[in-house]
Amino acid sequence: VGTHVSLALKRRGDGVLGLDNFNHYYDPTLKRARQKILEKAGVFIVEGDINDKGLLQQLFDAVLFTHVMHLAAQAGVRYAMQNPGSYVHSNIAGFVNLLEVSKSANPQPAIIWASSSSVYGLNSKVLFSEKDRTDQPASLYAATKKAGEEIAHTYNHIYGLSITGLRFFTVYGPWGRPDMAYFFFTKDIMKGKTITVYESPDKGSVARDFTYIDDIVKGCLGALDTAKKSTGSGGKKRGPAQLRIFNLGNTSPVPVSTLVSILEKILKVKAKKKVMPLPRNGDVEFTHANITLAMTELGYKPATDLEAGLKKFVRWYLGFYSGSKKKSS
């Protein structure tokens, strides 16, 4: 998401400075390839960690940022069971660090940050609305994102930081994360490997509100462009500041079995499937966004259906990985 948002901002003439620690949660080669595209477009990336307060302070001293688009996080629901510390480190400690430096800046920037649809957790009310309960997370990842929302409220209340949280719903598309189902399904189907498709306890297919990257970018830019200025100065609040939260979804959940069928059609390969019950590892049975608020306040209007989006992803995937093989050989 960071790459696509940065390119969109640069295209329209905004100044953008990136920060990434290029960790090894997934293949850094993909991250470095994104970096090349960004730097070619004139977006400089500083290699560093949001937990490095000294580095953040240096950046804020050197540049008068008007806005911070905070998309750095430890992602992935299942990995939280293997490495819980990385989620607390990035999603809670890192966020606090960024807010600490932002609240002391003069002038304070407006902050837009990535929360997640995962905060809805065990919520069974459909559609998922921003006013729904979010106090029953189903995974540690979700709990850290919910904690982020509460921390955002605190910094807004005490320091006058203008903060907008965006609850992303299953973002997919070119340059995406290899740990997401649409990505590794494509890879495994092409290699003839068996893929695992999970079903809910009532034998129904798990469903997701898949949202294409270009639609998410429009939502991010809409949030940036409607963000009001922070009201604090040098760590002191001068008046009430804007605090918002929005769902950014596609509002049309698709069963994962349908996702597989679409990929089979695009790739012209029959998938070898193994159907399994959904494990208790933090995954939820379905997600379904109510996007009325984002439509009204941000002019957000998703325009890409799953088949069209997956065609674009597959085209990118085949180009990127066949190109990589040629280079390495």
Residue selected from region 1-21 under the condition surrounded by 13 or more Cβ atoms within 10 Å (Cβ to Cβ) and farther than 20 Å from S115 by Cα, by the criterion farthest from the chain's Cα centre (by Cα): D14
Residue list for region 100-129, filter: farther than 26 Å from N51 by Cβ and open to solvent by 30 Å² or more (accessible area, probe 1.4 Å): L122, S124, K125, V126, L127
Residues of region 145-168 satisfying the condition of being without any contact (Cβ under 8 Å) to a residue 12 or more places away in the chain and either of a type in the set (S, T, N, Q) or open to solvent by less than 10 Å² (accessible area, probe 1.4 Å) (or both): T154
Can you pull out the residues in region 22-71 that are open to solvent by less than 30 Å² (accessible area, probe 1.4 Å), in contact with a Lys or Arg (Cβ under 9 Å, 6 or more places away or on another chain), on the phi < 0 side of the Ramachandran plot and of a type outside the set (V, I, T)? L30, L38
For region 118-128, give me each residue that is out of contact with any Pro (no Cβ under 6 Å at 6 or more places or on another chain), over 18 Å from H153 (Cα atoms) and not hydrophobic (A, V, I, L, M, F, W, C). S118, N123, S124, K125
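The values are calculated or read from the model by the stated rules, or taken from the named source; none is laboratory data. Just so it is clear, the model here is predicted, and its values are computed rather than measured. Positions of Cβ are backbone-derived with ideal geometry, glycine not excepted, and every protein chain shown enters the neighbour counts. All accessible areas refer to the heavy atoms of the entire protein, side chains included, with ligands and DNA or RNA removed. Shrake-Rupley method; radii C 1.70, N 1.55, O 1.52, S 1.80 Å.
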